[in-house]
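Novice: Attaching a single structure in structure tokens format; questions to follow.
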Amino acid sequence: MRGPALVTLLAAAALVAAPALAQGKGDKNPGKPAAPSISSSEFMTETFAVCANLAIDGEGAGDKAVAAGWEPDSDNGDSAPFYRIISYTKSFEGLGEVTIWGTIEQYPGKTMGYCRVEASDEDGSILDFDDLANLPDMTGSTQTDGDGTYGAWSVRARGTTQMFAIAELYDGEFQLEINTLIDAAPTEPADAAAPAKTED
């Protein structure tokens, strides 16, 4: 079950992604969408929403990422028993190519999700760490150390999902990591077996 805050973030992400589908009139490569310009707040909202939805292995999460302009990488969907890779990229004006990469791992009774966002704001003119820290349902703190800002949060539970986020913005390099732990859906209890007969 997804909380209303995540649904709101995903809706906002879809609106933010809309410019990616439009092509500039003077685009020399008309077959490829132009990289959208984006504010810090819009970027943090979109990337957190897309990454969180992928990390909880939400229904149609991959399709929603594609609808928001994220392109699957060649290793997206690669899998082995109990393990699957998620991998997407999207270009933004001023940030270049941004990557999302993660895994979904199956354990007895639990699913563990991991999703990482990496972006480079070389001149420090776009990304504001506070726009991440101020997203709804985030409980935690931030610290500044030299040229870097760091944060760690727990995110309000969504059904049986536990979610945690950690991030840093250091010398223009941004990284967000989302970790989830999801309880397996309960199964219907089996009928009680009849007691075994014992011989006299």
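Novice: Does residue 47 count as of a type in the set (Val, Ile, Thr), crowded, with 23+ Cβ neighbours inside 10 Å and out of contact with any His (no Cβ under 6 Å at 6 or more places or on another chain)?
Specialist: Judged against the criteria, residue 47 is a match.
Novice: Only residues in segment 154-171 that are among the acidic types (Asp, Glu) count as the first member; pair them with residues that are part of a loop (DSSP other than H, G, I, E, B), Cβ under 8 angstrom, at least 6 apart or cross-chain, and list the lot.
Specialist: These pairs meet every condition: 171/147.
Novice: In segment 42-90, what residues are polar (S, T, N, Q) and under 18 Å from residue 175 (Cβ atoms)? Please lay out each step first, then the result.
Specialist: Step one: of segment 42-90, the residues polar (S, T, N, Q) are 45, 47, 53, 74, 76, 79, 87, 89.
Passing the criteria: 45, 47, 87, 89.
No lab work stands behind these numbers, since they all come straight from the coordinates. Every value quoted in this text rests on a predicted model; they were computed, and no experiment measured them. Glycine gets a Cβ as well: all are built from the backbone with ideal geometry, and neighbour counts include every protein chain shown.
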